[in-house]
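The values are calculated or read from the model by the stated rules, or taken from the named source; none is laboratory data. Worth saying up front: this structure is predicted, and the values here are computed from it rather than measured. Here the Cβ positions follow ideal geometry from the backbone for every residue, glycine too, while neighbour counts run over all protein chains shown.
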Amino acid sequence: MHGKSAYTKDIILNMCTVFIRHTFILKESCQKVKNIALVSLSITKYDKQETIMTLDFSCSALIIVDIQNDFCPSGELGIKNGDQVIEPMNRLASLFAANGGRVIATQDWHPADHSSFGLWPRHCVQGTPGADFHAALNLKPVSLIIRKGFRSSIDSYSAFFENDRKTSTGLDGFLKALSIETLVLGGLATDYCVLYSALDAVKLGYRTIVVKDAVRGVEAASTEQALKLLDEAGIIFTESGAIE
Ligand SMILES: [Zn+2]
């Protein structure tokens, strides 16, 4: 009888210790939990009312996807209204930079004999004006530029992996080294480089947010399909004005 009560006492003591430890851990990660809760509350499907999304910029990065001349309206692979993504992305880049967040840009960067030419018109050839970022894009807050598709034999839609799905661009290592957990993506095009980058981001464990008013697609049908795939993968949609 005595032994049993000592045993019970031990269990109660253990439970108390566990409880106190958990309370402490919870208190410690309170800010983090609060941020996650806020982001969770802010989950907006692209047809639902937007809510304010409060980010912890210290562990967030903005990824500006391929805002280059050839993907803008007068370019070789011009996307309708592609240049309209610049204004919201510039605003977000300034917001991230002012709050200690990282801003990264990707750049399609093909050799003149790139294997994707044929499937696509010749575009973003290294060193040509078409490969340059659009002049209105503010590059000052950008601390890293990832160039992709620079090998003749392989294309790269995703900011993380080339199209063999194995060759890394190094972006994941960069982000993990900086303890970045949340990625906000916008740019061109919704149905290709934004889509593949966001899907890889989720697979790699990042909380991934796509800015609806800061993306444009090549074709209406594939863009609609891309939004569906992103939604199914758990990507959060928001508007640039809702991020603070
Ligand atoms: Zn390309």
So is Val125 β-branched (Val, Ile, Thr), more than 16 Å from the ligand (Cβ to nearest atom) and modelled with pLDDT of 95 or more or not? no
So, of the residues in the range 52-80 that are more than 25 Å from Gly217 (Cβ to Cβ) and either within 16 Å of the ligand (Cβ to nearest atom) or free of Cβ contacts under 8 Å to residues at least 60 places away in the same chain (or both), which turns out to be surrounded by the fewest Cβ atoms within 10 Å (Cβ to Cβ)? Ser58
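Out of all the residues in the range 64-122, which are in a loop (DSSP other than H, G, I, E, B) and within 18 Å of the chain's Cα centre (by Cα)? Working first, answer last.
First, the residues of the range 64-122 that are in a loop (DSSP other than H, G, I, E, B): 66-67, 72-81, 99-101, 109, 111-116, 118-119, 121-122.
Answer for the range 64-122, where residues must be in a loop (DSSP other than H, G, I, E, B) and within 18 Å of the chain's Cα centre (by Cα): Asp66, Ile67, Asn99, Gly100, Gly101.
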Please determine whether any residue of the range 131-143 is free of Cβ contacts under 8 Å to residues at least 40 places away in the same chain and either within 13 Å of the ligand (Cβ to nearest atom) or not in a loop (DSSP other than H, G, I, E, B) (or both). no
Matching residues in the range 193-244 - criterion: being assigned to a helix (DSSP H, G or I), farther than 26 Å from Pro73 by Cβ and in contact (Cβ under 8 Å) with a residue 40 or more places away in the chain: Leu199, Asp200, Ala201, Asp231, Ala242
Those residues that are of a type outside the set (Phe, Trp, Tyr), within 15 Å of the ligand (Cβ to nearest atom) and either touching a strand residue (DSSP E or B) at 6+ places or on another chain (Cβ under 9 Å) or more than 21 Å from Asp191 (Cα to Cα) (or both), I need them from the range 147-179; list them, please. Arg147, Lys148, Gly149, Arg151, Ser152, Ser153, Asp155, Ser156, Ser158, Ala159, Glu162, Thr169
